[in-house]
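We did not get these values from a lab; they are worked out from the coordinates using the rules stated. Because the structure is predicted, anything quoted here is derived from the model rather than measured. Note: ideal-geometry Cβ built from the backbone for every residue, glycine included; neighbour counts use all protein chains shown.
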Amino acid sequence: MSSSPSRREARGFVLGIARAWGLLWRAAPRLFATNLVLSIVQSALPLAALYLLKLIVDAIAAAADKRGMRVVLPSAAALTSSGITAAELQKVSPAKLTSIVAPQGGEVALMGRLVWNDRDLGWVTQYRMAWRGRDYTWQFRGVSFDEAFRRGIGGAAQVLSGNGDPGRSK
């Protein structure tokens with residue numbers, strides 16, 4: 001005996017759903033329509049989050065590629081095995097994160113944070129990295145999304161090339 005439903009059972013299920021939706025529509029059309037729209041929007045949110053993540057990774061890769069740098073993002077498994085949660089990621093020292101990405105080919109960790117600011121009409125960024133025993137921090141205000149990554153990677157390139165501290169540049 002097959003465990004999949006027969007066509008008759010599937011058709012009965014679909015007709016039952018259609019009848020239920022018809023009853024809900026007749027009872028409270030505005031509430032039903034609102035609920036339907038919210039359900040569709042809610043189901044699209046994970047896809048929107050994935051798309052935003054893709055935009056972030058693309059912006060980082062484009063900024064690094066422009067400067068001849070290779071980007072390694074730590075895997076979730078590497079962070080978990082090191083005992084680092086998403087909440088703790090901002091507090092982790094760049095040196096510790098460097099040791100986590102080293103097996104993937106990373107030589108230095110650049111840590112950044114972007115926050116939208118309505119007053120500045122742009123992103124406020126904060127970057128940190130450790131290089132040759134020294135910690136570097138720098139920030140920018142009121143920049144576009146792509147510019148935030150360009151300046152972060154550009155600051156790292158400035159440090160790595162020995163051309164100064166991006167936090168002290170004008």
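The stretch 65-137 and the stretch 1-62 have Cα centres lying 37 Å from one another.
Its Cα gyration tensor gives the chain an equivalent ellipsoid, and the semi-axes of that ellipsoid, as √(5λ) in whole Å with the largest first, are 48, 22, 14. Label-to-label distance, Ser81 versus Ser161, with points set 7 angstrom from Cα along the beta-carbon direction: 3.5 nm. Its convex hull of Cα atoms gives the stretch 7-46 a direction-averaged projected area, equal to a quarter of the hull surface, of 3.5 nm². Relative to a virtual label point 7 Å from the Cα of Leu38 in the Cα→beta-carbon direction, which members of the stretch 14-31 show backbone nitrogen distances below 11 Å? Label zone hits: 31. Fully extending the segment from Asp146 to Arg8 would add 44.3 nm, taking 0.36 nm per residue of separation and subtracting the current Cα-Cα distance. The Cα atoms of the stretch 1-76 define a convex hull whose projected area, averaged across directions, is 10.3 nm².
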